[in-house]
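Heads up: the structure comes next, in structure tokens.
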Amino acid sequence: MKKEDSKPTLEARRAFLAKLGGAASCAGVVVGAATLGVVPAIAAKTGAPPDAGSFPTKDYDWTKHQWGFGVDATKCIGCLRCVEACKNENEVPRNAHQFRTWVERYVHLEGEEAVRIDSQQDPVNIQASGSEKEFRFANRYKDAKVDKAFFVPKLCNHCAHPACVQVCPVGATYKTEDGVVLIDHDYCIGCRYCVQACPYGARYFNEEKGVSDKCTWCYHRITKGLQPACVEVCPVGARIFGDQKDKQSPISLFIRNNRVQVLRPESGNAPNVFYVGIDKEVN
């Protein structure tokens, strides 16, 4: 559907598709795009772009790139500039619960076997910000004996085998030729199957718009030769982005020169976000 289509038409189609998705779920089956006969919509987006160009940039050829993302947890200082930049760049809701990217803190205290994890969902961290619209890491360990602590940025992993694409009943979630997983909000019916299927908790539901949302690696920027907003603002270089087809790109060098890990490799999703400096507790 084109952006200029009327709102009533969009709502009517969503209602119709929702009925189809609901009928399938009532039958006890999480349906895929093929079940509803919308595979052509996906094939059209993931196929070779005409005249070596693809959206959103006319002269961009997505067959010549394979994007990847790196996170160096040994460098992250938990400043949350990346989170703020992402919200500003991508119009993410201004609250302390919905994010395209976020940062978690892992703390090992002396005498404790279990690691303590602080996240954006922690009420203490929200209170520390002084606003219900954001969070900051509370200084709760100032009097504790900390054995080890580190921060872990998280975001959509843009998997090679994304579970979210498999469960979307209308083809709204799809994988591009350059390895980025996107959501077509004109097609999303708000069923939230993808939110439930993501093993990384990287998706959220935008109540105001009635659609699922997540990190896109700032696709509108990288297709123009720019860096994702979070990478651009990181003051310590903890976030690395680049083209894996370019062997001298920042991400290729990062992967080649480090012993990298991915989150939940047992899921079979084959993430394209690579980590350095994380413990086994990070998932």
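Here is how the numbers come out for the structure above:
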| item | result |
| --- | --- |
| Residue in segment 212-226 that is in a strand (DSSP E or B), small (G, A, S) and within 14 Å of the chain's Cα centre (by Cα) present | yes |
| Failed item, numbered, when A138 is tested on (1) surrounded by 17 or more Cβ atoms within 10 Å (Cβ to Cβ); (2) without any contact (Cβ under 8 Å) to a residue 24 or more places away in the chain; (3) in contact with a Ser or Thr (Cβ under 7 Å, 6 or more places away or on another chain) | (3) |
| Which listed residue is surrounded by 16 or more Cβ atoms within 10 Å (Cβ to Cβ), of a type in the set (S, T, Y) and over 17 Å from the mean Cα position of the chain (by Cα), from Y106, Y174 | Y106 |
| Looking only at segment 158-168, and only at residues there that are in contact with a helix residue (DSSP H, G or I) (Cβ under 8 Å, 6 or more places away or on another chain) and either acidic (D, E) or crowded, with 24+ Cβ neighbours inside 10 Å (or both), the one that is farthest from V211 (Cα to Cα) | C164 |
| Breaking point among (1) touching a strand residue (DSSP E or B) at 6+ places or on another chain (Cβ under 6 Å); (2) among the hydroxyl-bearing types (S, T, Y); (3) surrounded by fewer than 22 Cβ atoms within 10 Å (Cβ to Cβ), for S252 | (1) |
| Hey, A238 of a type in the set (A, V, I, L, M, F, W, C) and within 15 Å of the chain's Cα centre (by Cα) or not | no |
| Scope segment 183-202; condition closer than 22 Å to Y60 by Cβ and in contact (Cβ under 8 Å) with a residue 40 or more places away in the chain; matching residues | D184, D186, Y187 |
| I240, sole failed condition from (1) outside any loop (DSSP other than H, G, I, E, B); (2) crowded, with 22+ Cβ neighbours inside 10 Å; (3) outside the structural domain of E89 (by TED's automatic domain parsing) | (3) |
| Number of positions in segment 243-283 that are touching a residue at least 40 places away in the same chain (Cβ under 8 Å), assigned to a loop (DSSP other than H, G, I, E, B) and of a type in the set (D, E, K, R) | 4 |
| Subset of segment 261-276 [surrounded by 19 or more Cβ atoms within 10 Å (Cβ to Cβ) and either touching a strand residue (DSSP E or B) at 6+ places or on another chain (Cβ under 8 Å) or acidic (D, E) (or both)] | L263, N272, V273, F274, Y275, V276 |
| Pair list, Cβ under 7 Å, 6 or more apart: segment 207-230 residue outside the structural domain of C164 (by TED's automatic domain parsing) and of a type in the set (A, V, I, L, M), other residue in a loop (DSSP other than H, G, I, E, B) and surrounded by fewer than 22 Cβ atoms within 10 Å (Cβ to Cβ) | V211/H185; V211/G190 |
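Matching residues to (1) at pLDDT below 95; (2) of a type in the set (A, V, I, L, M, F, W, C); (3) not assigned by TED's automatic domain parsing to the domain that holds K175:
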residue	(1), (2), (3)
Q98	yes, no, yes
W102	no, yes, yes
E113	yes, no, yes
V124	yes, yes, yes
K142	yes, no, yes
F150	no, yes, yes
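The values are calculated or read from the model by the stated rules, or taken from the named source; none is laboratory data. If you're wondering where the values come from, they're calculated on a predicted model, not measured in any experiment. Every residue, glycine as well, gets a Cβ built from its backbone with ideal geometry; the counts of neighbours run over all protein chains shown.
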